[in-house]
Amino acid sequence: MSRDQMRVIALANQKGGVGKTTTAINLGTALAAVGERVLIIDLDPQGNASTGLGVDGRERSTFDVLTGDATILEAKIATDVPRLSIVPATIDLMSFEREAGSASGKHYRLRDCLTSLGAAEDRENATTYVLIDCPPSLNLLTLNALAAADAVLVPLQCEFFALEGLAQLLSTVEEIRVRLNPKLRIHGVVLTMYDQRTSLSDQVVDDVRAVLGDKVYTTVIPRNVRVAESPSHGKPVLLYDYKCTGSQAYIQLASEVIERERRIRAA
């Protein structure tokens, strides 16, 4: 399978605590549940996506992939979710920027690794979606993700300062499009941690939709205790409690992502 047939989506927002990792884990699980072959690449040195999927064995990690000591095929680990794998992260990632130094092509390491993956996989077992869980900063790791991605999915928390920093991220995406990756586009913005008990959440939803229009997914991810509990059990919420409102929201989000992908490919 060629790299062109593999869709790569980076989940990015330089603010922490907005639901990037939770969205990567549960969107990946929902996509796998409908038959997609999904690979999550954990690019956050905290490794929360790895922990949240119950992956403890980390002999090879994204740091090894980025430094050329392992291929993605060698580093990826199967999860308890059928058709969902992950390349786990370790704290070693914190030293990647120092290790890369001023080397030429340092922004394209992940892109080149994904190109190699596309060439190495057989069609029957080929990865169809790659979700990159970015760190909460606009550093070299995030730049590698954006240089490798087809599109960016932005989780945005339903809080007072939701739009703060979003302009900077959108500006960065435009800069990456010009400098490193002409095909990069905004896939969509997903509103997370929505609390129906507060008028503030409704106001944030209205404000974000007024500014970004149809870039915002229809699905809103609710604040849900089962979603918050599931990482401590090393499970996506869809495995932890399939019937809870959080699980159902991520299933709806996966449907929206797939529908947008259909429109993109048809364009």
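The values are calculated or read from the model by the stated rules, or taken from the named source; none is laboratory data. Since the structure is predicted, the reported quantities are computational estimates derived from the model, not experimental observations. Here the Cβ positions follow ideal geometry from the backbone for every residue, glycine too, while neighbour counts run over all protein chains shown.
Against the definition (touching a Phe, Trp or Tyr at 6+ places or on another chain (Cβ under 8 Å) and either part of a loop (DSSP other than H, G, I, E, B) or within 30 Å of H233 (Cα to Cα) (or both)), how does L138 come out, yes or no?
It is false that L138 is touching a Phe, Trp or Tyr at 6+ places or on another chain (Cβ under 8 Å) and either part of a loop (DSSP other than H, G, I, E, B) or within 30 Å of H233 (Cα to Cα) (or both).
Would you mention how many residues in segment 83-123 are without any contact (Cβ under 8 Å) to a residue 60 or more places away in the chain and farther than 26 Å from L253 by Cα?
Residues meeting the conditions: 22.
Please give the helices (runs of 4 or more DSSP H) falling wholly within segment 1-104 in which 1 or more residues are closer than 26 Å to H187 by Cα.
It comes to 20-33, 48-52, 62-66, 72-75.
For A78, are the conditions met, namely being touching a Ser or Thr at 6+ places or on another chain (Cβ under 9 Å) and either touching a residue at least 40 places away in the same chain (Cβ under 8 Å) or farther than 21 Å from E36 by Cα (or both)? Write out each step before concluding.
On the way: touching a Ser or Thr at 6+ places or on another chain (Cβ under 9 Å): yes; either touching a residue at least 40 places away in the same chain (Cβ under 8 Å) or farther than 21 Å from E36 by Cα (or both): no.
It is false that A78 is touching a Ser or Thr at 6+ places or on another chain (Cβ under 9 Å) and either touching a residue at least 40 places away in the same chain (Cβ under 8 Å) or farther than 21 Å from E36 by Cα (or both).
Got a number for residues in segment 40-61 being out of contact with any Gly (no Cβ under 7 Å at 6 or more places or on another chain), over 17 Å from P135 (Cβ atoms) and buried (at least 24 other Cβ atoms within 10 Å of the Cβ)?
So the count comes out to 0.
Inspect all residues belonging to segment 64-73 and state whether any of them is under 19 Å from L117 (Cα atoms), small (G, A, S), at pLDDT 95 or above and surrounded by 20 or more Cβ atoms within 10 Å (Cβ to Cβ).
Scanning segment 64-73 turns up no residue that is under 19 Å from L117 (Cα atoms), small (G, A, S), at pLDDT 95 or above and surrounded by 20 or more Cβ atoms within 10 Å (Cβ to Cβ).
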